[in-house]
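The values are calculated or read from the model by the stated rules, or taken from the named source; none is laboratory data. Just so it is clear, the structure is predicted and the values come from calculations on it, not from any experiment. A quick note on method: Cβ atoms are made from the backbone with ideal geometry, for glycine too, and the neighbour counts reach across all protein chains shown. The protein model used for the area step is the full one, side chains on, heavy atoms only, and it has no ligands, DNA or RNA in it. Shrake-Rupley method; radii C 1.70, N 1.55, O 1.52, S 1.80 Å.
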Amino acid sequence: MVEQGVPLRHRQRPSRGRIAARRALALVVLAAGLAVAVWLVVSALGSVGGGGEKQAKPAAPVAPPVLKIIFPEGFTREQMAARIKAVNQIARNRRKINPRLSAKAYLAATARARTPATFGAARRNLEGFLFPSTYQFEPQTTSRQLVKRQLQAFEENWRKVDLEYARSKKLTPYDVLIIASIVEKEVSAPEERALVAAVIYNRLKAGMNLGIDATTRYGLHVPGTEPLRQSQLESDNPYNTRNPNITGLTPTPIANPGLASMQAAAHPANVDYLFFVRKADKIHHFFTASEQEFNNYLAANGVG
C-alpha cells in the first residue's frame, strides 16, 4: 500500500549511450568466452592422439653420412677392390655403417665394361681407366656408381693429354695408356717419368723386348716383396717382357696411372737411353744407351 498524499517516484530509463556500452561489454565477454573455448578444443586435439599419446613434430631429414676412399696412383684393379674391403671394415667397426660397396661387385663391374669413346668404346677389362684419386661416397653408393665416377675422372684428365707426338710414332691412345701404367709402376722419383717413357719408346722402335720386371710381376701375380725366379723370367706369359722373344707392349695396362704418368707417356724425354736399373736407394735409376755400360753397372753394384 502507498500512503495517501505521497506521490510515486517514476523510474529513470538508462540513456542510449549507457545501453550501447552495456551491449559492447556483453559482446566482449562473449567473444572472450568463445576464444577460450576454441583454445581448449585446439589444445585437446593437438595433445591427444588416437591412443591418447602426444604427437611428436616430424623430424627434419638427416643427411646421410659421407665416407671416403683413397686409391693411390699405380693401384691395380685388384688392389682397389682390396681397398674397398678394408674401408668397409673400418666403416663398420668405427662408425657402425655398412656400405653397399663390395670388393666382389667392384671386380665384376670392372671386368668387362665399355671404355671411353676415345678408345673405341670397346668392352674390355678396365685396368688403366680407373682413375686414382680420393672419392667420397655414401652408405648406399653402389660399386657401379663408384666405377662410373672413376671413369668420369679419367676422361676429365685424359683430355689434358696431348697425343700429337705419340701419334707421330704410330702409337694409339691405348698404347699410351699402357706405357703410362708401366711408368707409374716403375718410377718413384717424379723427374724420371719421362726418362722411363723414353726407354720404352726407344726399345719399341728398336724391336727389343721391354725387359721390365713390373710387367712380369703383373702377369704372373708376383708381389714386389718376392724375387722373380728364373722359370718366371723365361715364361711365355704375354706380360713377361723380360723374355727376349716377347716384344712390343703388354696386352693391357698393368696399373691405373695418374695424370703425370699419362703426360710423360705422351711426351717422353728426348734421350737415347735403352737400359735402366734401380739404384741402391730403391728410388732412383741408372740410365744408359750402352749395353756394355749397363752390364758394367750391374756387375759393379751386385745387381742381376
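Local charge sum around A266 (other residues, Cβ-Cβ under 15 Å, Lys/Arg +1, Asp/Glu -1)? Intermediate results must be reported in sequence, preceding the final value.
Values: positive: R159, K160, R167, K169, K170, R193; negative: D162, E164, D175, E184.
Every neighbour counted, the sum reads +2.
Return an integer: the convex hull volume of the alpha-carbon atoms of segment 204-304, in Å³ per residue. Numbers along the way, then the final one.
Details: hull volume 13.0 nm³, N = 101.
Enclosed volume per residue, from the Cα hull, is 129 Å³.
Report the trypsin sites (Lys or Arg not before Pro) located in segment 235-280 that are in a DSSP loop and have at most 14 other Cβ atoms inside 10 Å of their Cβ, or state none. Kindly include the intermediate steps, with their values, before the conclusion.
Details: sites: R242, R278, K279; in loops: R242, K279.
Listed in order of number, the matching sites are K279.
Around N125, under 15 Å between beta carbons, what's the net of Lys plus Arg minus Asp minus Glu among the other residues? Show your work: numbers first, answer last.
Details: positive: R77, R112, R114, R123, R124; negative: E78, E127.
Once positives and negatives cancel, what remains is +3.
Is the shape of segment 244-289 rounded, prolate or oblate, going by the alpha carbon gyration tensor and its root eigenvalues a ≥ b ≥ c, with a/c under 1.5 for rounded and a/b larger than b/c for prolate? Could you put the intermediate results ahead of the total?
On the way: a/c = 1.41, a/b = 1.17, b/c = 1.20.
Judged from the Cα gyration tensor, segment 244-289 comes out rounded (a/c under 1.5).
Please check which bits of segment 81-115 a label hung off T142 would reach, taking the label as a point 7 Å along Cα-to-C-beta and the cut-off as backbone N under 17 Å.
So the set is 99-114.
I'd like the carbon and sulfur percentage of the solvent accessible area for segment 121-249, probe radius 1.4 Å, heavy atoms only, ligands and nucleic acids excluded.
Working: 2860 of 6340 Å².
That share works out to 45 percent.
How many angstrom separate the Cα center of segment 108-178 from the Cα center of segment 229-304?
24 Å
Between A82 and E234, what is 0.36 nm times their sequence separation minus the Cα-Cα distance? Round to one decimal in nm. Before the final figure, lay out the partial values.
Working: separation 152, 0.36 × 152 = 54.72 nm, distance 2.97 nm.
Computed gain between A82 and E234 is 51.7 nm.
A 20 angstrom limit on the alpha carbon distance is what I want to check against. Which of K85/K185; K68/K185; K185/K282 exceed it?
Values: K85/K185 23 Å; K68/K185 24 Å; K185/K282 13 Å.
Flagged as over cut-off: K85/K185; K68/K185.
Given a 1.4 Å probe, how much area per residue of segment 73-229 is accessible, in Å²?
On the way: 8090 Å² over 157 residues.
Using a 1.4 Å probe on heavy atoms only, each residue of segment 73-229 averages 52 Å².
Run the numbers for E73 and H284: contour at 0.36 nm per residue of separation, minus the present Cα-Cα distance, in nm.
Details: separation 211, 0.36 × 211 = 75.96 nm, distance 1.80 nm.
Residue separation times 0.36 nm, minus the Cα-Cα distance, leaves 74.2 nm.
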